[in-house]
Each structure stands twice: as structure tokens, then as C-alpha cells.
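The values are calculated or read from the model by the stated rules, or taken from the named source; none is laboratory data. Remember, predicted model here, so these are calculated numbers, not experimental data. Cβ placement follows ideal geometry from the backbone for every residue including glycine, while neighbour counts extend to all protein chains displayed. To get the accessible areas, we keep the full protein, side chains included, count just its heavy atoms, and leave off ligands, DNA and RNA. Shrake-Rupley method; radii C 1.70, N 1.55, O 1.52, S 1.80 Å.
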Amino acid sequence: MLKRIACLSSIDGPDNNNRYSEQVFNTFDTARVYNKEHDIVGVFLVFKNILLQVAEGEANELAKVIYRINRDPRISDVSIIVNEHIEKPAFSRWSIKLLSENCDAHAQHLKKIENLLKGGLNLSGAIDSIRYHKLFNMGETSAPTSKQQIDSHEQSAPFRDTVLSMPSWPRPTQLRLDAALMKLCPLLIKKHVPYQRLVSLNLFAHEQELTELLHRLQQARALEVIAVAEPDNLRILSSQRENKAPAPARGRFSQALRSFISNHRAKGIAGHE
Amino acid sequence: MSRIYHKLAIVGEVGAGKTQLVHTISEISPFVTEAKSSVDIGKEYTTVGIDYGRLSLDSDIALGLYGLPGQKRFQLLWDMVKQGLWGLLVLVKYNDELNVSALNDVLNHFDPMKNQLPLVIGLTHSDLAADEDQIDLFVDILHYALEQNGVTAPIVCLDPREVESSLLLLQLFDSLQDTVHDPMEAHRDVI
Ligand SMILES: Nc1nc2c(ncn2[C@@H]2O[C@H](COP(=O)(O)OP(=O)(O)O)[C@@H](O)[C@H]2O)c(=O)[nH]1
Ligand SMILES: [Mg+2]
């Protein structure tokens, strides 16, 4: 018998700041492993310190999930807001979404999930209502004051004030290395790099591209995110870096190889092969 | 402008796909040079059992490809190409058992970490695996073997018969060159 549950909770950050902490990833990761083993699909939505887990699977398994959530020391104020039978799952796998304000993609994703849950929704108290609406209305804030602008910037850059590292390469079964990952990974393997410094290298046209890649690495469990207690020091470091000369120009060999590869691919696409 | 010639060593057990890969990459060479010397056609190599090929990128830029047998008793051949390598590709054929000691021998001999030699582990024949979990398990073991050797390297699924797969591999080696003059290097130990 298939069921869907949705469960709201609050993440206990050490200082309850607005950053996605290691807590989130640990919580997610525990769920990720467990849910894969038990054929549970769904999503993990995180907005500030609000966590919404939507899970679909066999009723028996979901009962255990609820039990586990209730006992998770990293979260509190657990409340089941949907508990219903379903014909078939709406999700195909288990995933995590770290939500940020002013992001259209997130807003669309949220809309879908909101619609999915609407039918069976049961918000039992004031806290539930507040958390639920905070989560689902986060894209619809009125014109921000300057304070809010700073906040929203924090959320659109969830890795801000963190130091990133990759202890090893992602496994080929988790993540196929594409051109973008090939650019990023060598910089992080066995190194500790402040996020701001990565940004300052301008590897990609948009910072969002960088954060998306980092999320992918994180989902593949290939990224270590270390929250930094004194972000101010990092800012100084990263601004110092910006004054430095850019990376040395590519050698002729590398240039020749790169243009060969892209030409060859273009040829393939044009159908001359 | 001076001539640029880089070397990629491809080491692997029998049937791992060395000959195939050298062939696939040589075939797509955009610049066909006429063989002017025995070095150009790699005669001195082919006669001793090394697969030789080249990717000519321009009239004066080329990547030499050297397919080398994976057993330690061929280390004399390894030494023939060891100097100044652009990259080391270790091909491992997916099957039930990994020849860990052969892998250890190769890693010991080339010592990629000490020599700052870009290293990639190419897992071939993974298309023959029953499912992803099987590959995962094999990768686990590979991973462990690398760790034991103090080596960090990407493990990629590679099909030497396919051009795109081979291009991705070259791209990966190219990106690994960056670590040599790495913009992060000066701040490596920031924390
Ligand atoms: N199915 C499959 N066949 C492969 C793969 N790689 C190589 N082969 C084939 O395996 C055979 C042995 O490859 P070969 O290049 O001669 O191996 P070598 O002994 O290392 O030179 C050839 O028929 C290749 O085409 C692969 O990834 N998948
Ligand atoms: Mg051969």
C-alpha cells in the first residue's frame, strides 16, 4: 500500500543563523542512504531553518521514516502535515532542494509541490501555519528593504562564508564528469578553498552556475562544506586575491587541444561524421 | 614557434582497451602529418610491443599515445616513455576481480603524486556490467586500492571504442594540467 507523507520540522542550528549548515546535509544524507535502501522517494526542502520532507513509499516503510524523523536530534518541532494514500508516486527519486528567495526555478518547483500537497494538507497549529507559509510564499515577498536585501543575498549564495573541499573525486556512477565539473573539481580536490575565492576566479558566467555545481557535488557526497566561524577574515582574503594577477594564460598545447575538441564535437553535431 | 610534443601513457592489462583507445584517438587526428622518421610512425615502439599513435593538433603540435602492457615485467617499456609525461591513464577492465597488485606496481613505478603527473583511472567494459550497483562495488575496490597507494585520481567509465568518450578523457587530462600552475596553489593550506 502506497502512501505519501509530508513532515515539517525546524533545523536546530548552533546559532540559528540563516545559512545552510552541515546539520542539513547530515540530516539529508542519513535520509538519502536510508531511503534508497527502502525504496522511498520524495524531496527534502530547506528554507532557512525550516525543513519539509515529502516522502512516498510503502506504508510500513513510511511509518519507520516518521519514527526516525521524530528521533533525529538535529531537528525539532516535528509535525506531520500530510498523510494520505496514493495510487502512484509523484517523485521518481529522492532529492534535496535548498530554497532561495528570488529564484524562479525554485518558485516553480515549489508551486508543483504545493499543488501536490494541497489535497491532503492538515496544518494543526499556528507554528505549522507560519512555517508552511514561510516556505511556500518565500518567492512572494514585497519590495525588500535594504536589510532584507542583504538576507536574500545570503540565501542566493548558500555557500557563502563556507570553506569547500573535495576529499576525493566523485564516483563515476554518481556523477559523470562534464566540462564544468572538470573545471571545478581540480581546484577543490584535497584543498580547502573559501567559497568567495572560488567566486572571484570567475570560472562561470554566473555565480548560480557555480552554486548549482556545488550542489551536485554535494548530492554525490563528494563535497565537504565547512561553515566558517569568522567570515570576515575570509572576505579580506578573497578581496586580496582579486587584486592579484589572473591565472597564467593557457599554453599553446592546451589551446590547440581545446579547440580541436570543440571543433570535433561541432562537426559531429553538424552531421559530417 | 617551437614544436610541442606531449606524451600520454596508457597502461593496462591485456584486453583493457589500450590498442582500441590509441586507435580511436589517432583516427580523429585533424592534422595528418606524413611520417618523416621512424619516430613519427613510432616504429621503434611498435616493434617492442608498445601501441603507438598520435593526435596531431597542428603542424607542430601533437600528443603521442603510448599503450603499455600492465605487468611489472614490462617495466623496461614503462621507462621508455616515463620521462616528462603529460598524463598517465591506467585502464582497468571491469570484471569480477581487480588485479590489485598490478595496479600497485604501475602506481609505484610512475609515482604520479610525487611527479605531479596527472592520473586518470579509466574503467572500461563497464557497459558489460549487469547494473550500476555492480560497477559501484568495483569502483569501491578500485577506490580503496588508490587510497592504499596514497593516490587521489578520478575514476571514469570509459569506452575506448567511442569518440566522445575519448574526447572527454582528453578534456579531463587537460583540466588536470591546471593543478600544476594552479591559481589556488599559493593558498593551498588556508585552513
Ligand atoms: N564492450 C566493450 N568492449 C571494449 C571496451 N574497450 C575495449 N573493448 C574491446 O575489447 C577488445 C580488447 O581491446 P584492446 O584494445 O585490444 O585491448 P588491449 O589488450 O588493452 O590492447 C577489443 O575488441 C575492444 O574493441 C569497452 O569499454 N566495452
Ligand atoms: Mg593491444
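Count, for each residue of A:167-180, the Cβ atoms from other chains sitting within 10 Å of its Cβ, then give me the mean as a whole number.
Details: counts 1, 7, 9, 2, 10, 14, 14, 3, 0, 3, 10, 2, 4, 0.
Averaged over the peptide's residues, the number is 6.
To check my understanding: the extent here is largest minus smallest coordinate of the Cα atoms along each principal axis. What are those three numbers for chain B, in Å, largest first?
Sorted largest first, the three principal extents are 47, 43, 32 Å.
What are the residues whose amide H is under 5 Å from the amide H of B:Y52, where those residues sit 5 or more places off or on another chain and H is modelled from the backbone?
So B:Y52 has HN proximity to B:G67.
With θ taken as phi - 60° and the coefficients 6.51, -1.76 and 1.60, list the Karplus ³J(HN,Hα) couplings across the stretch B:44-50 in order, rounded to whole Hz; mark glycine and proline as x.
4, 8, 4, 5, 9, x, 9
If we count every other residue with Cβ under 10 angstrom of B:S126's Cβ, Lys/Arg +1 and Asp/Glu -1, where does the sum land?
-2
Which FRET efficiency, nearest 0.05, do B:L137 and A:T30 yield, Cβ-Cβ r, R0 25 Å?
The formula returns an efficiency of 0.70 here.
Using the Kirkwood radius over Cα pairs, work out the Stokes-Einstein diffusion coefficient for the stretch A:166-214 at 10 °C and 1.306 mPa s, in µm²/s as a whole number.
139
At most 15 other Cβ atoms within 10 Å plus a DSSP loop assignment makes a site exposed; report the longest stretch of chain B without any exposed GluC sites (Glu not before Pro).
On the way: sites that count: B:E34, B:E97, B:E162.
Longest run free of exposed loop sites: B:98-161.
Place a +1 charge on the Cβ of each Lys and Arg in chain B and a -1 charge on the Cβ of each Asp and Glu, then give the dipole magnitude about the Cα centre in debye, rounded to the nearest 20.
Computed charge dipole of chain B: roughly 940 debye.
With labels modelled as points extended 7 Å from the Cα through the Cβ direction, what inter-label distance (nm, one decimal) is found for B:D60 paired with A:H85?
Placing both labels 7 Å along Cα→Cβ, they lie 7.9 nm apart.
Give me a comma-separated list of calculated 3J(HN,Hα) values for the stretch B:16-26, in order, Karplus coefficients 6.51, -1.76, 1.60 applied at θ = phi - 60°, integers in Hz, x for any Gly or Pro.
Karplus values, whole Hz, x for Gly and Pro: 6, x, 4, 4, 4, 5, 4, 5, 4, 6, 4.
What residues from the stretch B:90-109 fall in the zone where the backbone N is under 17 Å from a label point 7 Å along the Cα-to-C-beta line of B:R73?
Residues passing the 17 Å test: B:101-103, B:105-106.
Going from most exposed to least, what order do A:V41, B:V100 have by accessible area with a 1.4 Å probe?
Sorted by accessible area, descending: B:V100, A:V41.
Between B:N115 and A:I130, what FRET efficiency follows from the Cβ-Cβ distance if R0 is 60 Å, with the result rounded to 0.05?
0.50
Pull up all non-local amide H partners of B:I61: gap of 5 or more, or a different chain, and H-to-H distance under 5 Å with H placed in the peptide plane.
B:I4
Roll a 1.4 Å probe over the protein heavy atoms and report the accessible area of A:R197 in Å², nearest 10.
The value for A:R197 is about 0 Å².
Quote the FRET efficiency, to the nearest 0.05, computed for A:S168 versus A:N122 with a Förster distance R0 of 45 Å and r equal to the Cβ-Cβ distance.
0.55
Is there a simple number for the mean count of other chain Cβ atoms within 10 Å of the Cβ of residues in A:181-191, and what is it?
Counting Cβ atoms of other protein chains within 10 Å of each residue's Cβ and averaging gives 5.
Taking only protein heavy atoms into account and a 1.4 Å probe, give the accessible area per residue of chain B in Å².
48
Taking a ≥ b ≥ c as the square roots of the Cα gyration tensor eigenvalues, with a/c under 1.5 meaning rounded and otherwise prolate when a/b beats b/c, else oblate, which class fits the stretch A:46-106?
Oblate is the answer for the stretch A:46-106, as a/c is 1.5 or above yet b/c matches or exceeds a/b.
Show me, for the stretch B:111-122, the HN-Hα J-couplings you get by feeding each phi into the Karplus relation (A = 6.51, B = -1.76, C = 1.60, θ = phi - 60°), rounded to Hz, glycine and proline as x.
5, x, 5, 5, 8, 6, 9, x, 10, 10, 9, x
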